[in-house]
């Protein structure tokens, strides 16, 4: 009876599979080097002419890819790097006989990238494309996207625009007692993806019924999950705990796990997978049925979610 009810309960639940994380691990991403990004329409340039403050200033690139600078007028800079644009401006001043070669020294800094935003996706509250204005650090970008959700993994995957084939994984966890916030710079055109951490549901007659985020855990067993949930209640039927798992073809499989024997080392512990549901019935069949139905109805709306950041 309990097994049948547990299967029916799971039919109400849909679980997303964790996002693949085939990225390299980056221990210290603060050593990122600014890629040679190109100037585009809408970008804001800081142009400084050495010892010629009247020729210096901030100039917005128009839709034709030009900036209008003192005495020279329109200069086409679209598609150039900041360094190449500086060389071009120096040459134009010399060719126009406005400055001598020894006096014509320019620097160009791209203050705002209007055309190359930063994409933030995955487990954040407001995924989308955000403007890359000035220097943006990882924490700034995630904060702009509303911060991480409770189901977020701590392994953030960053794909750089200049090297999309080699994403890097950075450990980011601002919610712990000792927050881990790496000083990682995010460049225009980059993509920041926060994967979903694995989740195991422990329901029924336990101390803390809810969903447990397996952030940082390589594996979690039935005994460990029961411990996280505060153990079984006074009327828990530990000999007939139901483990319900979604198979690769989408079918649900329910097996009975003798937790009472696992506690006594008389039965093997069982490793759990993302999306597994561990249902602990009471020793009374009728109460177990009512409990299963109640849990099924509440899981999608008010179930508590607990993070288990254990490395």
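Look at residue 214 and say whether it is closer than 26 Å to residue 159 by Cβ and buried (at least 21 other Cβ atoms within 10 Å of the Cβ). I'd like the intermediate steps shown before the answer.
Details: closer than 26 Å to residue 159 by Cβ: yes; buried (at least 21 other Cβ atoms within 10 Å of the Cβ): yes.
Yes: the conditions hold for residue 214.
So is residue 198 surrounded by fewer than 20 Cβ atoms within 10 Å (Cβ to Cβ) and modelled with pLDDT under 90 or not?
Working: surrounded by fewer than 20 Cβ atoms within 10 Å (Cβ to Cβ): no; modelled with pLDDT under 90: yes.
No; evaluated as a whole, the condition is false for this residue.
Return the pairs, sorted by first residue and then second, in which the second residue is part of a loop (DSSP other than H, G, I, E, B) and buried (at least 16 other Cβ atoms within 10 Å of the Cβ), the first residue lies in the stretch 102-113 and is without any contact (Cβ under 8 Å) to a residue 60 or more places away in the chain, the beta carbons are less than 8 Å apart, and the residues are 6+ apart or on different chains.
103/52
Hey, among 223, 248, which residue is assigned to a loop (DSSP other than H, G, I, E, B), outside the structural domain of residue 126 (by TED's automatic domain parsing) and more than 17 Å from residue 156 (Cβ to Cβ)? Talk me through it step by step, then tell me what you get.
Numbers: 223 fails: assigned to a loop (DSSP other than H, G, I, E, B).
Step by step, each of 223, 248 is checked, and only 248 is assigned to a loop (DSSP other than H, G, I, E, B), outside the structural domain of residue 126 (by TED's automatic domain parsing) and more than 17 Å from residue 156 (Cβ to Cβ).
What residue, among those in the stretch 126-149 that are part of a loop (DSSP other than H, G, I, E, B) and modelled with pLDDT of 85 or more, is surrounded by the fewest Cβ atoms within 10 Å (Cβ to Cβ)? Full working, then the answer.
Keep residues of the stretch 126-149 that are part of a loop (DSSP other than H, G, I, E, B), which gives 126-127, 134-135, 145-147, 149.
Pick out the ones that are also modelled with pLDDT of 85 or more and you get 126-127, 145-147, 149.
Working: 126: 10, 127: 16, 145: 22, 146: 13, 147: 16, 149: 15.
Among those residues, the one meeting the criterion is 126.
Inside the stretch 150-181, can you point out the residues that are assigned to a loop (DSSP other than H, G, I, E, B) and touching a residue at least 40 places away in the same chain (Cβ under 8 Å)?
First pass over the stretch 150-181, keeping only residues assigned to a loop (DSSP other than H, G, I, E, B): 150-151, 153-154, 161-162, 172, 174-179, 181.
Result: 150, 151, 153, 154, 161, 162, 175, 176, 181.
Could you tell me which residue of the stretch 83-111 is nearest to the chain's Cα centre (by Cα), considering only residues that are outside any helix (DSSP H, G or I) and exposed (fewer than 15 other Cβ atoms within 10 Å of the Cβ)? Give the steps one after another, and end with the answer.
First pass over the stretch 83-111, keeping only residues outside any helix (DSSP H, G or I): 96-111.
Subset that is exposed (fewer than 15 other Cβ atoms within 10 Å of the Cβ): 96-97, 100-103, 109, 111.
Details: 96: 51, 97: 53, 100: 52, 101: 50, 102: 50, 103: 49, 109: 30, 111: 26 Å.
The selected residue is 111.
The values are calculated or read from the model by the stated rules, or taken from the named source; none is laboratory data. Quick caveat, the model's predicted, so the values are computed rather than measured. Cβ atoms come from the backbone with ideal geometry, glycine included; neighbour counts cover every protein chain shown.
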